[in-house]
Structure formats: structure tokens, C-alpha cells
């Protein structure tokens, strides 16, 4: 919309990325992502208390139809036993094997974090039903966090990020630049052309996938 506005009216425009999904090309962090992430981790911590006290397996669905940033980072941060994201198709058989190992290791409860766009092709309720059918010794529950992830007071990180991006956007306009989006990379403010920001794809951190795989063994 901003790019069309600029081209039709020739008014200088600068974009600032704001989405909890963190799925915009040209920045490592979008405004709102850190707040949503901390909201999710707080919710999973509370669910963990119930899972432990009642010896249950919880499937927790978080937002991320096309990007698994929230699920992956929250899963690692909250110590989930498994994480399912759109970028990686781990397969339901691997999930079963992972949960079997978890049970054999003596764990009486487990948490599986699932992005709503998981590649298995099944929704969180279907996955939970599949696991319950194949691993009947688990007392399975589902928790869909939903729109609570979009609310709440912004974290300090998001407040500072928004301030930095706003200042950099105005300074860039005053310097004669336009039709670009502000981003954060290596802790520095950068600019990306609107066309790249729109057509580009935010990549998942492969090293975080590796870390998650190691921690779930």
C-alpha cells in the first residue's frame, strides 16, 4: 500500500515492519514479535505447571501460518519436548518416536509446541488425536493460545526497537531517501527497497532448528 501511495502521489514514504510473526524480509526483528514471544513463553510456563501436576502431554498451538519463528524460539525458551514448524516437515512418526523416548526417560509430562501452519497437513487437534491413538499411555490435552498473543504491554525490546526504527525512518526521509523499509540487522538499522521487502522471504534460523533438535533428544 505504501509503495502504491508513493508511486501515485510522489510523496516520500518510509516503511516500518510491524508483525508478531517476524516474517518480513530485510529485518531480523519486527515490532511486536518479542512481545508476542514473551507472552507465549509465559503461557507455556503456566501450562507446564498443570502438565507436571497432572502427568499430561500438552499440545500448544501458537501463531505462525507461514513462519515458525514464534514456535521455534518459544519452544526452545520454554523447554518444549518437541517443536513443529512450517519450514520443516519432521513427520508424525518422528514425533511419536520422540515422545516414546521422553516417556522412557522417566518424564511424566511433555509439551509440544506447534505453529498453526505446521507442514504435517493436520491441525493441532488431529495431531493430538493421532498421538493419543498411537501412544495411549499419554493423557493428551490441547491448548490454542490464539489472539492473546497479539495483546499485552510491549516488552522493553519492542519499545526500544520501535523508537530506533521511527527515528531512523524520519532521518532517512530528511536525507532524501524514500520507498524503502527500515530493518534491524546485526544490531544496526538498515534500509531495504519496498519491492525486496515485499517479495523477499524471512528465513528461519537453521542453527536454532539444530539447537531444538539437540535439546529434544
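Laboratory data are not the source of any read-out in this text; all were calculated from the coordinates shown. Predicted, not measured: the structure shown is a model, and the values here were computed from it. In this analysis, Cβ positions are derived from the backbone assuming ideal geometry, glycine residues included, and neighbour counts consider all displayed protein chains.
For this structure, a couple of remarks:
- Cα-based equivalent ellipsoid of segment 119-217: semi-axis lengths in Å, sorted from largest, via gyration tensor: 41, 17, 15
- Kirkwood hydrodynamic radius of segment 42-116, Cα pairs, Å: 12.5
- Rg and Dmax, both from the Cα atoms of the chain and both in Å, are 19.9, 65.
- Over segment 90-178, Cα pairs under 8 Å with separation of 6+ residues give a relative contact order of 21 percent.
- Computed over the chain: relative contact order in percent, which uses C-alpha pairs under 8 Å that are six or more apart: 32
- Taking every C-alpha pair closer than 8 Å and separated by at least 6 residues, the mean separation divided by the residue count of segment 16-134 gives a relative contact order of 27 percent.
- With the convex hull drawn over the C-alpha atoms of segment 54-96, the volume per residue is 80 Å³.
- The convex hull of the Cα atoms of segment 16-84, projected and averaged over all directions, covers 4.5 nm².
- Highest average packing first - 73-80, 41-48, Cβ atoms within 10 Å: 73-80, 41-48
- Projected onto its three principal axes, the C-alpha set of segment 56-159 covers 45, 28, 19 Å, listed from the longest axis down.
- Between 167, 112, 83, the residue with the greatest mean-square fluctuation in the GNM of the chain (Cα pairs under 10 Å linked by springs) is 167.
- Cα pair distances in segment 122-167, grouped into 5 Å bins until the bin that holds the longest one, percent each: 4, 17, 14, 12, 9, 8, 9, 10, 8, 5, 2, 0
- Comparing 117, 106, 26 in a Gaussian network model of the chain, where Cα atoms under 10 Å apart are tied by springs, the biggest mean-square fluctuation is seen for 106.
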